[in-house]
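The values are calculated or read from the model by the stated rules, or taken from the named source; none is laboratory data. What you are looking at is a predicted structure, and each value in this text was computed from that prediction instead of being measured. Quick reminder, even Gly has a Cβ in these numbers, built from the backbone with ideal geometry, and neighbours come from all protein chains shown.
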Amino acid sequence: MRGATSALSPDRFCADAVAALVCVEDAGGRGPSKCCAEGRAFDGSRCVEDETRAAEALHELRELANGSAVGVGWPSCTEGSTYAVAGILSGARLLDGGTLQLNSESSTLEAGAWCAEAVAGETGTRVLACEEEARSARPAQTARHALYGAGLAVGAAFLAATLAAGFALPAAHHALHWRCQTHYVAALMLGDVLLAATQLAGDRVPPPLCRALAVCMHFLFLSAFFWLNTMCFNIWWTFRDFRPTSLERGQEACRLRVYMVYAWGGPLAVSGAAALLDRLPPGTAPGLLRPRFAVQRCWFYGDMEILVYFFGPVGVLLLVNLALFISTTRQLTCGLWRRDEVKSTSERAALGRVCAKLVVVMGVTWGADVVSWAAGGPEYVWYATDLLNALQGVFIFLVVGCQPHAWAALKRAAAALCARAPGAQAHSSSHLPSCGESLTHTTAAPAPAAPPASAIAPARVPMETVC
């Protein structure tokens, strides 16, 4: 019998007019195999009816076999292991003994260690293998991953500088927006650090650690977007009626607690549910889409999983942020900027900085990454958008951390160090604005006499620090 390694006794096989069924050990696992039975394809967790895709996969396998028998069945994996995509069947070569050579000459899979099948959500027939074998068969990381990882590392460094600049201003620590901004930057920085590490390490990360990193990154990036949404809401609430007023400490603390429950609790619920679904036994709840962390990389398995568990919630938040941004910008440009008392160049510049901050903080760079994910195409086409998203921390630092009051604080710190240096002359830095003055953009009047009305009118409107 073609495909068997030796003659079989009658109790070791059964046959009809077109096919025979034998035990795996008798078949030897030498020929190419289709993972699922005829007429069925793989949906990521189980075989489902799909006549069209199954026929395409079988036809491609028969062309690869070039007259050899095509079997049916999965490779035998160690307990606890799962199946993963090792590559694409198109362009692969079948070597002597049933070994499969993928597109990369250094990527091979031994006979019996692989099968091929049509996979839901992916084009072409895919080669599937046990998780460890699939990882070893994948090609080394591409230039796109290396560039993305390096950009993320640079962005994380600038986010750390943004946090340091914020903590250097004690007078700002009571501001509600500053606290929300600190949570946002911290979550984004930690997420960028983990993502940069996984991008640069490639397949060298052990599967258990890879799975844990994927869950942590899911939580941190969702938290960053939730805090971003909180900041956008807080800015919109401040400018909604043209009368931004400071909150009392008790009101501010209460609102911050509400924000924290929303911005940390929401991501915890989503990422926790995803982690629980990912750890369910394979036969439990087959109708649910699992995230399948760390099956192909230290992230979600495929496009559908990313859409449901990450880009879906993020897209909703970005749309809400966009609506808040449009509303706030309309209030500033169509309402406040037409007032007679808001006419000076400095005030227009201050309000312009508010709008610029809104644009950056509301995640335009993330929108570019979503477009690159949805559009697909060659990797080199999206190098610019990937780098733009990776360097988001640089832009956030330029808008948030690189401010005049931050530089003033650094100058005071440098002056204090110079004053404590041996042999240095004592000097005062009172000519520099204080933290409180920098934050409110006001100066104390040197004389008790009230200045003219035209002189104090512009000082009432610098609302940039309120948001």
Can residue 76 be described as modelled with pLDDT under 80 and either more than 22 Å from residue 295 (Cα to Cα) or under 37 Å from the mean Cα position of the chain (by Cα) (or both)? no
Regarding segment 173-187, can at least one residue be identified that is hydrophobic (A, V, I, L, M, F, W, C), modelled with pLDDT under 90, assigned by the TED database to the domain that holds residue 270 and under 22 Å from residue 290 (Cα atoms)? no
Here the residues within segment 129-161 that are crowded, with 22+ Cβ neighbours inside 10 Å, more than 20 Å from the chain's Cα centre (by Cα) and modelled with pLDDT of 85 or more are 129
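Conditions tested, residue by residue: (1) of a type in the set (S, T, N, Q); (2) over 33 Å from the mean Cα position of the chain (by Cα); (3) more than 11 Å from residue 116 (Cβ to Cβ); (4) part of a loop (DSSP other than H, G, I, E, B).
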position	(1), (2), (3), (4)
31	no, yes, yes, yes
38	no, yes, yes, yes
48	no, no, yes, no
60	no, yes, no, no
84	no, no, yes, no
Among the residues of segment 201-220, is any within 21 Å of residue 397 (Cβ to Cβ), in a helix (DSSP H, G or I) and not small (Gly, Ala, Ser)? yes
